[in-house]
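The values are calculated or read from the model by the stated rules, or taken from the named source; none is laboratory data. Since we're looking at a predicted model, the values are computed, not measured. Cβ placement follows ideal geometry from the backbone for every residue including glycine, while neighbour counts extend to all protein chains displayed. SASA here: full protein model, heavy atoms, side chains in, ligands and nucleic acids out. Shrake-Rupley method; radii C 1.70, N 1.55, O 1.52, S 1.80 Å.
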Amino acid sequence: TKELMENLATIKLTSGEELIAIVEDGPTPLEITVINPVLVHKNNSALGPMLSVSHWLMFTKSNQATIKKEKIVALEYNLEDNTIKHFERFTKERGAVISLDEQTRLEDMISKTLKGAMDREEQREEEWLDTISNPEANTTIH
């Protein structure tokens, strides 16, 4: 729901893990409760840095956990719209998160690769047509 999404935050833990989760008050003032926590992975690829996520708690029925505040390095609620949208999609569809600019770069790369292949094919066809239509070509038919 919209109210829950207003509590969406990114959380950096002392372990180095970065989570995105809906954050609520914990059972004690020294704890928080995270709902639908996802773990952010930063990977380098041929396209540059790529972000993906996986479920942080894969084997729980409720998909929520309590974290001691002493284990938190940073907690920030002001997330980018893209991050919110991809979090919602991931938690509903259980898909991977790729930011829109990375998706666009990936699509551009695929488009350029396909265009290059088609241009090379077109050039080969033109060369072949030139060869068979040129009466001066050095060909012998047996």
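Applying 0.36 nm per residue to the separation of residue 121 and residue 62 and subtracting their alpha-carbon distance, the gain on full extension is 15.8 nm. A straight chain from residue 88 to residue 30 at 0.36 nm per residue would run longer than the Cα-Cα distance by 18.1 nm.
Taking a sphere under 15 Å around the Cβ of residue 123 and counting the other residues whose Cβ falls inside, with K and R at +1 and D and E at -1, yields a net charge of -4. Of the cross-linked pairs 42/71; 42/115; 71/92; 12/68, which ones have a Cα-Cα span greater than 23 Å in the structure shown? Going by Cα-Cα distance, 42/115; 71/92 fall outside the 23 Å limit.
With all protein chains present, how much of the accessible area of region 21-83 (probe radius 1.4 Å) comes from carbon and sulfur, to the nearest whole percent? With neighbouring chains kept in place, the figure for region 21-83 is 54 percent. Label sites at residue 71 and residue 113, each approximated as a point 7 angstrom past Cα along Cα to Cβ, lie 4.0 nm apart.
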